[in-house]
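Single-structure report; data block below.
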Amino acid sequence: MTPEDAPRPPIFSTRGLPAEAVEWGFRLLAGRAPVDGGEFANFQSLPDLDAMRRAFTNLPEFHGFFSAVLTGYPAYAMPLFLLRPPATPELPWVFQAPTLDRPVSQLCTAAQFEESAFLEIIQAMALRPARNRQLWEQAWVVSMLATEGLVARGKSGLALESGRERIGALLASRGVAVLGTGGEIADDRDAEARRLRLFYPEIVHIDDFDSLVSYVELNPREARRMPPGNHDFCWSLGIPARLGSIEAALDFFEASLAALRPGGLALHTFSFNLTSDAATWELPDLVVLRRRDIEALAARLAPAGHQIMTFNTHPGHDTADETVKTEPHGPIGHRQRHGFAVVTSFGLAIRKAS
């Protein structure tokens, strides 16, 4: 038997791919080393090279490289599905550059970071302006509340799954009563510690904070169990991404209306799919909603008289709106790639039936 006729060793084993194959995959297809041993092990456990290739094509670095071949940099181009009017008649729609001066249900865009409304809100929260989706989400919530006349003494707001955001402190400084909520509370000391996470002395005096801000246990999946009709508004930041499914996210939006007075306002921010109205991510720790999901929610809410406020699908026309952050770590870009999908924040406003 000649060397050419000798059987060749398999390119993968029953225990997974060879380490060398995975190392070369990262070099050639991702252009980087594995983030950690866990990521390397996940790729090595794949059954064959085809599965490994498919897995690498879902990495943001692969898509960033692919788009840069055409444009010179990781880029985003607007798909046609954002241009068409909704098929759902219950959903009022516009297509115009969104602004924080006149907020509606809208996408995060580069131009909004330069508006005076954004700068004023961020400064009022004692933060430094930056092109950061998390800052935009807080600014959009505050701008919506101010536009609707809800940042006023005597108003009451419910913070769903409140963390360290500064909206509650800012509202309390204006005389608004705020009820923070979160997951399972161990005891009274735990509840007080969580309440104090909402306190920022550079924003609100401790006496005003103590008289206006309280905290209770509430799982966002159980929002319906809040006493009905006690609040003028509620808000949440990024909760759908952690609920595990699109259906759970839509259930959450609808359930959040239960605690509001008639005509109350529910404000929610979440990750929105700018790439596709069909394929998306629906994972335990990453749920990305599509345009069709918002349309389905509008149809679902309409029979009870609830309405999504004007739905604006304009993705922005600034040069910066083309630029996509592909790195999975570090500050969140206002356009972020998750595998095949380019994602940004969306602010959804729902008016409860009067």
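Coordinate-derived values only; no laboratory data. Here the structure is a predicted model, which is why all the values come from computation and not from measurement. When we count neighbours, we look across all protein chains shown, and the Cβ atoms used for this are built from the backbone with ideal geometry, even at glycine.
Overview of results
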| item | result |
| --- | --- |
| Length added when fully stretched, GLU202-GLU222, from 0.36 nm per residue minus Cα-Cα | 3.9 nm |
| Prolate/oblate/rounded label for the chain (Cα gyration tensor, a/c 1.5) | prolate |
| Zone of ASP318's modelled label, taken as backbone nitrogen in the stretch 77-105 under 18 Å from a point 7 Å along Cα→Cβ | 77-78, 96-104 |
| Two-site label geometry, ALA111 and ASN58: point separation in nm, points 7 Å out along Cα→Cβ | 3.6 |
| SER245-GLU39 pseudo-label distance in nm [points 7 Å out on the Cα-to-Cβ vector] | 3.0 |
| Estimated FRET transfer efficiency (ARG27, ASP285; beta-carbon r; R0 30 Å; 0.05) | 0.65 |
| Cα gyration tensor, the stretch 233-354 - rounded (a/c under 1.5), prolate or oblate | prolate |
| Extension reserve of the THR310-GLU184 stretch, reckoned as 0.36 nm per residue once the Cα distance is removed | 41.8 nm |
| GluC sites (Glu not before Pro) restricted to DSSP loop in the stretch 124-201 with at most 11 other C-beta within 10 Å | GLU184 |
